[in-house]
1. Per-residue ellipticity at 222 nm for the chain, helices alone: DSSP H runs ≥ 4 residues times -39500 (n - 2.57), over residue total, nearest 500 deg cm²/dmol?
2. Which ordering of 98, 188 is given by a fewest-first count of other beta-carbon atoms within 10 Å?
3. So if we plug the beta-carbon distance of residue 53 and residue 181 into 1/(1 + (r/R0)^6) with R0 = 35 Å, what FRET efficiency do we get, rounded to 0.05?
4. Extension gain residue 200-residue 81, at 0.36 nm per residue separation less the Cα-Cα distance, in nm?
5. Can you tell which of 181, 65, 93 shows the greatest fluctuation in a Gaussian network model of the chain with Cα springs below 10 Å?
6. Taking other Cβ within 10 Å of each residue's Cβ, how do 145, 168 sort, fewest first?
7. Along the Cα-to-C-beta direction of residue 21, a point sits 7 Å from the Cα; which residues of the stretch 100-116 have their amide N less than 15 Å from that point?
């Protein structure tokens, strides 16, 4: 989930930002090992040496791309908090955001969900950024669950932290299931079940 450009954009040139955007797209399509600098060079229309100038190694490039994704996600969640006072509605909106992205294949999946499945095979600095993304998201979900209970908008079967973990696993598992089956609507079917179980009846 993202909104306006993250603060880290300020430290990158326009060409470096384009490289990061293309890397994000390639990661979403094929994961860490699904692309090379040659692929990016062709898309951005620069020499590979130019990419190495901005990002010396692939690990540097992917780490920067995930950090950019994290910042955009945090901004998006903050905007969602401000625009949607109802915590339950917030979770529905979050889920619908990804349902729409997956349906339109823009992006087809959260790059952190994809990289999480590859964690044993990716560089440690990339893995650390991915883990930090999920830690950030878990914190936001836990706070949302707590607010939902306090406002009488949600009913939980476990602690807010445990429910946040379950919801997060459901959403990201739904992304992978939709991709594995080639069935984009499957994401919303799973996500809707994950949210509805929290609704106060």
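Throughout, read-outs are computed from the coordinates displayed, never taken from laboratory work. Just so we're clear, the structure is a prediction, and the values are computed from it rather than from any experiment. Methodologically, a virtual Cβ is constructed for each residue, glycine included, from the backbone with ideal geometry; neighbour enumeration extends over all protein chains shown.
1. When only DSSP H runs of four or more count, the value is -23500 deg cm²/dmol.
2. Ordered by Cβ neighbours within 10 Å, fewest first: 188, 98.
3. Details: r = 41 Å, r/R0 = 1.17.
Between residue 53 and residue 181 the formula returns 0.30.
4. 40.8 nm
5. Result: 181 has the largest fluctuation of those listed.
6. Lowest to highest Cβ neighbour count: 168, 145.
7. Residues passing the 15 Å test: 106-107.
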